[in-house]
1. Report, by residue number, each residue of the range 195-212 that is in contact with a helix residue (DSSP H, G or I) (Cβ under 7 Å, 6 or more places away or on another chain) and assigned to a loop (DSSP other than H, G, I, E, B).
2. Kindly evaluate residue 42 against the criterion of being touching a Lys or Arg at 6+ places or on another chain (Cβ under 6 Å) and away from the ligand (no atom under 16 Å from the Cβ).
3. Conditions: (1) within 16 Å of the ligand (Cβ to nearest atom); (2) assigned to a helix (DSSP H, G or I); (3) not basic (Lys, Arg). Residue 91 meets all but one. Number of the miss?
4. Determine whether the range 13-22 contains at least one residue that is touching a strand residue (DSSP E or B) at 6+ places or on another chain (Cβ under 9 Å), of a type in the set (Val, Ile, Thr) and not in a loop (DSSP other than H, G, I, E, B).
5. Got a sec? Which of 71, 118 is β-branched (Val, Ile, Thr), in contact (Cβ under 8 Å) with a residue 12 or more places away in the chain, surrounded by 17 or more Cβ atoms within 10 Å (Cβ to Cβ) and over 21 Å from residue 187 (Cβ atoms)?
6. So how many residues does the range 14-26 have that are more than 25 Å from residue 64 (Cβ to Cβ) and free of Cβ contacts under 8 Å to residues at least 12 places away in the same chain?
7. Given the conditions (1) modelled with pLDDT of 90 or more; (2) within 25 Å of residue 50 (Cβ to Cβ); (3) assigned to a helix (DSSP H, G or I), report the number of the one that residue 215 does not fulfil.
8. Of all residues in the range 1-35, which are surrounded by 10 or more Cβ atoms within 10 Å (Cβ to Cβ), among the aliphatic types (A, V, I, L, M) and under 19 Å from residue 51 (Cβ atoms)?
Amino acid sequence: MPKQLADMRTLELVRWNQKQNEQLLSTILPGHELKAPEHKPDMLYIGCIDARLDPIDDLKIPAGKALIHRTIGALVAGLKDGEALNASEAASIDFAVNVMHVKDIVIAAHTHCGGLGTCIHGINENDHETPFLKKYLKQLKDVLSSLAGIRDTEQKIHELEDSSVRNSLKNLLSYPFVKKAVEEGKLQLHGWVLDTATKRILEVDPVDLKFKPMAHIPEDHADHSATFLTSLFRGINPGIV
Ligand SMILES: [Zn+2]
């Protein structure tokens, strides 16, 4: 290897790995070619684009089992007046629910999220430098307003992680086919905050909409579609979203 791994530019590393892969492939005998794993996803995982995360590897999800849609902060914008606010998000959800018929959709924010942190600290004052990022993050305007009373920055970011997931779950239900599938019991929604360091999952409890370690949520909450609908829209925890 020409340099230490840590010193290599990422593209350089990929090129080097490709050369290693070519050497390995050249040793495979005819008739023993590698086959692509089966593509049978039963989950759509919506996560952040953060470079420290890899949902497949972090959560040990087997290849072919989960569709992954990644966006800054794992935000779901949903529909407004029947129109998708984010075409890429809408297409991914449409494909997952209506073509692949996934059983679960996970919205997974994470700790130490640069995107959500930017909402708290503010982005560059010069709008011209990040016009699209600024516009994108505006979808959290109402969520941020609901947290205005929190003075401690760390606590505010923590609350924003939780509230952004609850908000995205609500927006996810603005897709009529998602709401229908949930009501029919064909689809379950899940809200997580993944610890960036430990990969521990905090999951929103559909009953009280609070985040708890996944292992602490009773298993009978697993089939919680109807509970989620009630909690998110009738406001068991009003004002928090
Ligand atoms: Zn992030």
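1. 199, 205, 206, 207, 209
2. Working: touching a Lys or Arg at 6+ places or on another chain (Cβ under 6 Å): yes; away from the ligand (no atom under 16 Å from the Cβ): yes.
Criteria met by residue 42.
3. (1)
4. Here is the first cut: in the range 13-22, the residues touching a strand residue (DSSP E or B) at 6+ places or on another chain (Cβ under 9 Å) are none.
So far as the range 13-22 goes, no, none of its residues is touching a strand residue (DSSP E or B) at 6+ places or on another chain (Cβ under 9 Å), of a type in the set (Val, Ile, Thr) and not in a loop (DSSP other than H, G, I, E, B).
5. On the way: 71 fails: over 21 Å from residue 187 (Cβ atoms).
Of the residues listed, the single one that is β-branched (Val, Ile, Thr), in contact (Cβ under 8 Å) with a residue 12 or more places away in the chain, surrounded by 17 or more Cβ atoms within 10 Å (Cβ to Cβ) and over 21 Å from residue 187 (Cβ atoms) is 118.
6. Looking only at the range 14-26, we keep the residues that are more than 25 Å from residue 64 (Cβ to Cβ), and these are 15-16, 19, 23, 26.
Now restrict to residues that are free of Cβ contacts under 8 Å to residues at least 12 places away in the same chain: 15, 19, 23, 26.
Qualifying residue count, the range 14-26: 4.
7. Only one criterion is unmet by residue 215, namely (1).
8. 8, 13, 14
The values are calculated or read from the model by the stated rules, or taken from the named source; none is laboratory data. The model shown is predicted, which means the values in this text are computed figures rather than measured ones. Every residue, glycine as well, gets a Cβ built from its backbone with ideal geometry; the counts of neighbours run over all protein chains shown.
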